[in-house]
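**Student:** Below is one structure. I have some questions about it.
Readers should treat all values here as calculations from the given coordinates under stated rules, not as data from a laboratory. These numbers were taken from a predicted model, which means no experiment stands behind them. So basically every Cβ, Gly included, is an ideal-geometry build from the backbone, and we count neighbours across all protein chains shown.
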Amino acid sequence: MSNPWDWTDELGPEKIVYVHDAAAEMRGVVAIDNTAAGPSIGGVRMAPDVSAEEAFRLARAMTFKNAAAGLRHGGGKAVLFGDPHWSDDRKEPIVRAFAQAIRNLSEYIPGPDMGTNERCMAWIKDEIGRSVGLPREIGGIPLDEIGATGLGLVASADVAVRYCDLELAGARVAIQGYGNVGRHAARLLAARGAVIVAVSDSGGVTIDPQGLTISALDELKAAGRSVSEHRLGQPGAGEEILDVECEIWIPAARPDVVTRENVGRLDTRLVLQGANIPFTLEAEQILHERGVLIVPDFIANAGGVICAAVEYQGGGEQQAIETIESKIGANVEAVLARAQSSGRPPREAALSLAEERVRSASALRRWHR
Ligand code: NAD
């Protein structure tokens, strides 16, 4: 393990706290990176191989994501040792013990992440009165039901098309992944007149240059089948989604799907990153040099965390939808304007914008010179 003091810089982390409860077999780490803009929000990840360093790295990513989204929240993250596939019965004592352990870390607001869900957040709220990503019955905004991330992708598209001389109506769209992110993006973009020419899932791809029928795709998924079984589309292997000629390409599945080796297969003008780190930095650089515009993940897919911030303030679904649209629209505009004027890739422009926001919030803190 690297030395935690090596991770520190002028932004953080403020605290790395190890938590342990032998009776509940709970072991975990909380990383609170930066709280200059407000209490940190970030998920609780359960996995067998987590580490303090991972918690810190994820917390730093949340500092930038929350700042980039224009939220009054800093970044934090927690990791718990455990198997994400454990039953609720097995997880509940661990999660409740974790909640008690962070009772006094009021500058950290937990949310769901890999291995934890809205029920886990309900247990934490029950213990200490503080968490986001709650079930609807206790004031939660069901972000995957309202399509929070898909809404943000469409708000990104609305702004980004102007920067690459496209019209949303009539634009051909290919989407990798037809889950919580991909299916809402497909539905909302089709409603705006875009033509969904290809979608894929872990079972394969379906392609129709005339446009796929969203309701038919949704019916297949509801029946537990693959989109590649769409009656009218042309089926193929999942990775053929890379070769589909389109104006907008949306990764909404896995990390690292586009690399230096396969980036040459993409034939598109605009990429809206729904998934987290779907492209390697090298692949992004190659696309940038080819003139393909990329709206990076932490700007385009911030719908979920914006939803969580609205929930934390006691807001409802409609307010969440409006806040996602207005914040992401404004942030994409700010990032793309900066990228255009500097000639730098949008990811660099977004990072510099987020860092400036964190630094100017930090400058207002008492200990800052
Ligand atoms: P999900 O599990 O609901 O859906 C994932 C989809 O990807 C499924 O349709 C699955 O079949 C498909 N898939 C898996 N492997 C594939 C492959 N190799 N090729 C093509 N499709 C494949 O997940 P989700 O919530 O939609 O999240 C998708 C991505 O977006 C993840 O990277 C997640 O971290 C990121 N993300 C999600 C949210 C959110 O609000 N749910 C927010 C921000 C980022």
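**Student:** With r as the distance between the Cβ atoms of Arg254 and Ser2 and R0 = 25 Å, compute the FRET efficiency 1/(1 + (r/R0)^6) and round to 0.05.
**Tutor:** According to the calculation, E is roughly 0.40.
**Student:** Next question, about the same structure. So what are the ³J(HN,Hα) numbers for the range 350-359, from phi and the Karplus equation (6.51, -1.76, 1.60; θ = phi - 60°), rounded to whole Hz, Gly and Pro as x?
**Tutor:** Listing the rounded values in order: 5, 5, 5, 5, 4, 5, 4, 5, 5, 5 Hz.
**Student:** Could you give each residue of the range 51-57 its phi-based ³J(HN,Hα) in whole Hz, using Karplus coefficients 6.51, -1.76, 1.60 with θ = phi - 60°, and x for Gly or Pro?
**Tutor:** These are the phi-based 3J(HN,Hα) values: 8, 4, 5, 4, 4, 5, 4 Hz.
**Student:** Next question, about the same structure. Relative to the longest principal axis of the C-alpha atoms of the chain, give the angle of the C-alpha long axis of helix 148-163, reported between 0 and 90° and rounded to the nearest 10°.
**Tutor:** That works out to roughly 50 degrees.
**Student:** At 10 °C and 1.306 mPa s, what whole-number value in µm²/s does Stokes-Einstein give for the translational diffusion of the chain, with Rh from the Kirkwood sum over Cα pairs?
**Tutor:** Reported coefficient: 75 µm²/s.
**Student:** Work from the charge dipole of the chain (Cβ charges, +1 for Lys and Arg, -1 for Asp and Glu, about the Cα centre) and give the residue of Val17, Leu266, Ser362 farthest towards its positive end.
**Tutor:** Ser362
**Student:** Note down the nm distance, to one decimal, between modelled labels 7 Å out along Cα→Cβ at Gln319 and at Ala337.
**Tutor:** Those two pseudo-labels are separated by 2.7 nm.
**Student:** Show me, for the range 26-32, the HN-Hα J-couplings you get by feeding each phi into the Karplus relation (A = 6.51, B = -1.76, C = 1.60, θ = phi - 60°), rounded to Hz, glycine and proline as x.
**Tutor:** 9, 9, x, 9, 10, 10, 10
**Student:** Turning to a different aspect of this structure: Using 0.36 nm per residue, how much length does the chain from Cys164 to Gln234 gain when fully extended, once their Cα-Cα distance is taken away?
**Tutor:** Here the answer is 22.3 nm.
**Student:** Another question, if that's okay. What net charge do the residues around Ile286 carry, taking every other residue with its C-beta under 11 Å from that of Ile286, with Lys and Arg at +1 and Asp and Glu at -1?
**Tutor:** So the surrounding residues net to -2.
**Student:** So, one more: So for each of 160-167, 148-155, 84-91 I average, over its residues, the number of other beta carbons within 10 Å; can you give me the resulting order with the highest mean first?
**Tutor:** Packing proxy ranking, top to bottom: 148-155, 160-167, 84-91.
**Student:** Straight-line reach from Lys327: which lysines have Cα under 17 Å away, leaving out those fewer than 8 places along the same chain?
**Tutor:** Within the straight-line cut-off, Lys327 pairs with Lys65.
**Student:** Counting other Cβ atoms within 10 Å, keep those with at most 11, restrict to DSSP loop, and tell me which GluC sites (Glu not before Pro) in the range 242-280 are left.
**Tutor:** Listed in order of number, the matching sites are Glu261.
**Student:** Once a ≥ b ≥ c are taken as the square roots of the eigenvalues of the Cα gyration tensor of the range 226-369, is the result rounded (a/c under 1.5), prolate (a/b larger than b/c) or oblate (a/b not larger than b/c)?
**Tutor:** Oblate, because a/c is 1.5 or more while a/b does not exceed b/c.
**Student:** With a point put 7 Å past each Cα toward its Cβ, work out how far Glu10 is from Arg192 in nm, to one decimal.
**Tutor:** Computed distance between label sites Glu10 and Arg192 equals 3.8 nm.
**Student:** Using the crude model of +1 on Lys and Arg Cβ and -1 on Asp and Glu Cβ, and no other charge, please compute the dipole size for the chain relative to its Cα centre, in debye to 20.
**Tutor:** In total the dipole reaches around 880 debye.
**Student:** A follow-up question, please. With n ≥ 4 as the cut-off for DSSP H runs, can you work out [θ] at 222 nm for the chain, using -39500 (n - 2.57) per run divided by the number of residues, rounded to the nearest 500?
**Tutor:** -12500 deg cm²/dmol
**Student:** A follow-up question, please. Between Arg344 and Arg265, what FRET efficiency comes out of the Förster formula 1/(1 + (r/R0)^6) with R0 = 25 Å and r the beta carbon distance, rounded to 0.05?
**Tutor:** 0.50
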